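Before any comments, here is the structure.
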Amino acid sequence: MNHNNSHPELAPGQNKTITVIVNGRPKEVTGKTLNYREVIQLAYPNDPVTNDVEYTVAYANPHGKDGTLVDGQDVHVKEGMVFNVRKTNRS
């Protein structure tokens, strides 16, 4: 029997689907983390990402710490996490 780790994406639990809440709406995601841009895309799937709009991403983790994300950061996601994403025009 060959226990080859050449496909880590097939390891148990790696692609488990969990539900997070983004701006009051449930969203199903896979993987262990979400980054700043992925959360923005979940909140505003039809909006192009431009330099004219700034986003504030805050999250509440029922199983850990609450916090905020900025571009380049990610967070480990847990079932039931709540993300609030606001956009503002740059002045």
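Nothing in this text is a laboratory measurement; each read-out follows from the coordinates by a stated rule. Every value quoted in this text rests on a predicted model; they were computed, and no experiment measured them. As a convention, Cβ positions derive from the backbone with ideal geometry for all residues, glycine included, and neighbour counts pool all protein chains shown.
Report the residues of segment 19-38 in range of a label on residue 86: point 7 Å along Cα→C-beta, backbone N strictly under 15 Å from it. From segment 19-38, the list is 23-24.
Computed as a quarter of the hull surface, the mean projected area of the alpha carbon convex hull for segment 12-89 stands at 5.2 nm².
Here the label points at residue 79 and residue 66, each 7 Å from Cα along the C-beta direction, are separated by 2.3 nm in the simple model. For residue 78, a cut-off of 20 angstrom between C-alpha atoms picks up these lysines, skipping any fewer than 8 places away in its own chain: 16, 27, 32, 65.
A full extension of the chain between residue 25 and residue 52 corresponds to an added length of 7.2 nm, given 0.36 nm per residue minus the alpha carbon distance.
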